[in-house]
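To start, the structure under review is shown below, and the notes come after it.
The values are calculated or read from the model by the stated rules, or taken from the named source; none is laboratory data. From a predicted model like this one, the values you see are computed outputs, not experimental measurements. Virtual Cβ from ideal backbone geometry, glycine too; neighbours counted across all protein chains shown. Surface areas here come from the heavy atoms of the whole protein model, side chains and all, with no ligands, DNA or RNA. Shrake-Rupley method; radii C 1.70, N 1.55, O 1.52, S 1.80 Å.
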Amino acid sequence: METVAFYSYKGGVGRSLLVANTAQFLALAGRRVAVLDLDLEAPGLHQKLGDRDVLRRTARGSLHGAVDVLLWILEGHGKSCTIKDVAIKIDLPSTSKGSLVLIAAGSAPSHKYWEMLEKLNASLRTPRRHGGLPEAILELQARIADEIRPEFLLVDSRTGITELGGLATSVLADRVVCMTTTAPESIEGTRVVATALRSAPRLASQEPLRIDFLITRVTSTSRHSPELAVVIKELGGDSVSVLPHDSAITNKERVLAGWAPSDVHGSDSDDTRSGKELFTATLTWIAQSFPVLKNDAEAARRRMEAVHDAWRDLTRSSRHVRGGTVSQPSWPVEQLRERVRFGTGAKSRHADIVAYDSPPETSSQAKPLLVIEYVDGEDRDEVAQWWLKETRAPVVAILSRNDQSGSAHHRLYSSRAAYDSSAHHSDRWDLPLPHDFIALSDPTDVSVDSLLDAVRRGYSEYLDRIVTEWVRCSASGLHGGAPWRPEVARKIEDTLASVDDIELACKVLWACSLGPGHRGMWLGDGDDWLDEQVLSELFAPLLWRLPPEASIELMRGHRHFGPPAGLKAVGDLARRLLGLSYDPDATFRIEAQRLLARSGPPADSDEDSGLYAFADMFRRTEITFEIDEEPPPMATPKVEDKRARRRMPASLSRLVSERIASRSLVTTGLLGYYYRETGKVVLYREAIDVCADKLALRARYVGSVALIHETIHALTHLARDLDGRMWQDFSLPDANDPLFQPSRFHEALTQYFTHQHLVRLRDASLLHAFEVMSSRQTASYRAWERLHQLPIEDVRSWFMSVRRGVGLAGQAWQALSDAVSGEEA
């Protein structure tokens, strides 16, 4: 039996944690290991290696350990007890050939433990015929060797310079691992202790004491510093090792292969790279410091890495694990247990991690929801079937090593899936979180249909994943990429567009926008072309297809993050449909700089106050959006004649009914309006609701048609052509005027482009609403029926001619004139 003592001059170096990790690694590598906790003033190994039953016994004060055995030996009652009476067998995986036994310090921190420790200290102060603490310590070691027969005895020794710490290191140990940080006082104390250990007397049967140094919590900035090199040389050169620092692990004092019950908050560090670095360095140090067969060490490393990564994923939110922007709650540590055995006898199995529906310590009815086991060399499907049958857990995750890459991966199995003679695993690549068991009918099913169903039922947390699936199905190009499945991408768009709930619709648009945290998250590469594709091919169509309340909310919000994605979509509409450029920021920069140039040479200053002095002048060049609860302009005309006012409809409902009945329904001035003085597009909710009711249409579709119609009006006024010119005079007449008549050129043109846009959206409901509304509208609004067969480039050419005042009598112009004239006749 080789006895290895872990010692530190000062606390806070991660000593107990390293002892626990070393013990578990060696046991998983097939070695017989015993662990002795001699840090009697602050014991903690029972919390790191013990299960829930050990903690319950500790709380009751019924856990016996090293303090009890030493006291029994000192008082002459040692023959009445054995080490097996206090040894705790730590459960290991079913296939493990090793063993792990813990001799805890006692029931710390219960009151009974401190009473026993005080009694031990009092006994040591009493002179004894047969020796004191040295003899008791050696007898304790001998009993461990005789009764447990371990290959390694790992001792967690006391911090500082104490009698017990000195005995554990100089008398018991064959080897001492002296741990220290880079703090000067810790280095100096460690060096003094090491010098004393080298000259300490040894038993005749013992070999010379071997001393290894381990510098822990070394930051990345100081790892290659000259100061650290000097420290390593002073301590011993080749016998010195270094472990990097990571607050996510060291501050929580977690066992790397799982968890410590004292860790109630989990690990949520953003620095996953450093955490992985510490993990790898620790396992490498253990494998190199102890005689373990290479294959066994590699197998132990794979298991500990896989379980460690699984624990990290379970206790961290989806924002960190999956790269999304909407976090799902992680598993509460109180609902997780490690090293749980199910079944009896030879047919039992060891679960590495079990997630319950409620804390098992406070609820006797807690049921397992997720069972995780690492499997090496066994048939994973058969193991999964055993777990599903034995535990009836909804989900089983089988961890294993990838034979090709060597990395760990897992298969998910569901009790709700159909099974034949061999189990079927899911294609899901990540471990389910608690929310998945509520929102998904099958937590392992993250297919497009399953995710869309969850979103339809209001679970917006899956929108990021849905957008990712859309990208994967539609991002292919001439140079390859993800598999191209346009029918699936179309299904995603149509399903998202069918959302009626305003709040959920806002979340849909936000998930598809280029808002903070979204850029580059869909495929993880951050390419500009991919961002633009999502904006133009998913976000922009949804902006016009979802309820207008949601679209306007997004176009109005998030201004402090830069130009809203909604305004970018409006610019996309101007470019693709009208052949114009809409960029209010560019307009401001260009025109304001021209004004500054006219005002004289710039002042010698880096301040931008001169440019922004013109900001208010250009506010009206930016289209803004609003939904108004007030009556529309046509319902409140500026009429001075009392007799004329009496002839007006008594209510908005009557006004809309009369307009529909006389086929004189209009959009501008009644359902919506574009205010040319302020650049504002307004929808009138009450008028839209009344119109939808009279025409047996849904209000959301009537509102969307009106929103597109008025936005095109705004673009024909404010957007710029390719040479950068704008035409402020090309605008609508005032709808408050009692003599208001729709402009046949504006409305015919806008209706044509609205219809073209709806055709491109391929939304049957919007097209139907447009056609029903058009059938009840004035002649100018119905002229699109004569124009829609014309090429869009011809209509654009006519539009540019009219906008410039040229009035070319081309084919489009003649067709428009004939269409309007024919309807009016």
May I ask you to list the residues in region 676-700 that are in contact with a Lys or Arg (Cβ under 9 Å, 6 or more places away or on another chain) and either aromatic (F, W, Y) or part of a strand (DSSP E or B) (or both)?
K680
Pair list, Cβ < 8 Å and 6+ apart or interchain, from region 203-224 residues that are touching a residue at least 60 places away in the same chain (Cβ under 8 Å) and of a type in the set (D, E) to residues that are surrounded by fewer than 19 Cβ atoms within 10 Å (Cβ to Cβ) and not in a loop (DSSP other than H, G, I, E, B):
D212/R175; D212/S239; D212/V240; D212/S241; D212/S289
L452 meets each of (1) within 27 Å of S94 (Cα to Cα); (2) aliphatic (A, V, I, L, M); (3) modelled with pLDDT of 90 or more with one exception, condition (1)
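Return the total of residues in region 143-165 being outside any loop (DSSP other than H, G, I, E, B) and either of a type in the set (D, E) or at pLDDT 90 or above (or both).
Keep residues of region 143-165 that are outside any loop (DSSP other than H, G, I, E, B), which gives 143-147, 152-156, 163-165.
Checking the rest, the ones that are also either of a type in the set (D, E) or at pLDDT 90 or above (or both) come to 143-147, 152-156, 163.
Qualifying residue count for the region: 11.
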Looking for something outside any strand (DSSP E or B), more than 16 Å from V307 (Cα to Cα) and of a type in the set (A, V, I, L, M, F, W, C) - is there at least one such residue anywhere in region 394-410?
no
Mind checking whether some residue in region 68-82 is basic (K, R), free of Cβ contacts under 8 Å to residues at least 40 places away in the same chain and under 28 Å from I372 (Cβ atoms)?
no
If you scan region 447-477, which residues turn out to be β-branched (V, I, T) and touching an Asp or Glu at 6+ places or on another chain (Cβ under 8 Å)?
V448
Only one of E686, E629, E710 is open to solvent by less than 20 Å² (accessible area, probe 1.4 Å) and at pLDDT 90 or above; which?
E710
Within region 343-358, how many residues turn out to be open to solvent by less than 40 Å² (accessible area, probe 1.4 Å) and either closer than 16 Å to V395 by Cβ or touching a residue at least 24 places away in the same chain (Cβ under 8 Å) (or both)?
10
Just give me the residues in region 196-216 being open to solvent by 60 Å² or more (accessible area, probe 1.4 Å) and either outside any loop (DSSP other than H, G, I, E, B) or among the polar types (S, T, N, Q) (or both), in sequence order.
R198, S199, S205, R210
Taking region 444-460 only, how many residues are under 17 Å from L504 (Cα atoms) and open to solvent by 20 Å² or more (accessible area, probe 1.4 Å)?
5
Extreme residue, farthest from V86 (Cα to Cα), among residues of region 22-46 that are out of contact with any strand residue (DSSP E or B) (no Cβ under 8 Å at 6 or more places or on another chain) and surrounded by fewer than 24 Cβ atoms within 10 Å (Cβ to Cβ)
G30
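Quick grid of which residues meet (1) within 20 Å of the chain's Cα centre (by Cα); (2) over 21 Å from V448 (Cβ atoms); (3) at pLDDT 70 or above; (4) open to solvent by 10 Å² or more (accessible area, probe 1.4 Å):
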position	(1), (2), (3), (4)
S474	no, no, yes, yes
H479	no, yes, no, yes
T495	no, no, yes, yes
H518	yes, no, no, no
D525	yes, yes, no, yes
Q533	no, no, yes, yes
E537	no, no, yes, yes
W544	no, yes, yes, no
Quick check: anything in region 73-85 at pLDDT below 90, over 43 Å from the mean Cα position of the chain (by Cα), in a loop (DSSP other than H, G, I, E, B) and hydrophobic (A, V, I, L, M, F, W, C)?
yes
Of the residues that sit in region 570-594 and are touching a Gly at 6+ places or on another chain (Cβ under 8 Å) and open to solvent by less than 70 Å² (accessible area, probe 1.4 Å), which one is modelled with the lowest pLDDT?
D583
Do the conditions hold for V467, that is, is it of a type in the set (V, I, T) and open to solvent by 10 Å² or more (accessible area, probe 1.4 Å)?
no
Are any of the residues in region 47-62 touching a residue at least 12 places away in the same chain (Cβ under 8 Å), in a loop (DSSP other than H, G, I, E, B) and either open to solvent by 30 Å² or more (accessible area, probe 1.4 Å) or of a type in the set (V, I, T) (or both)?
yes
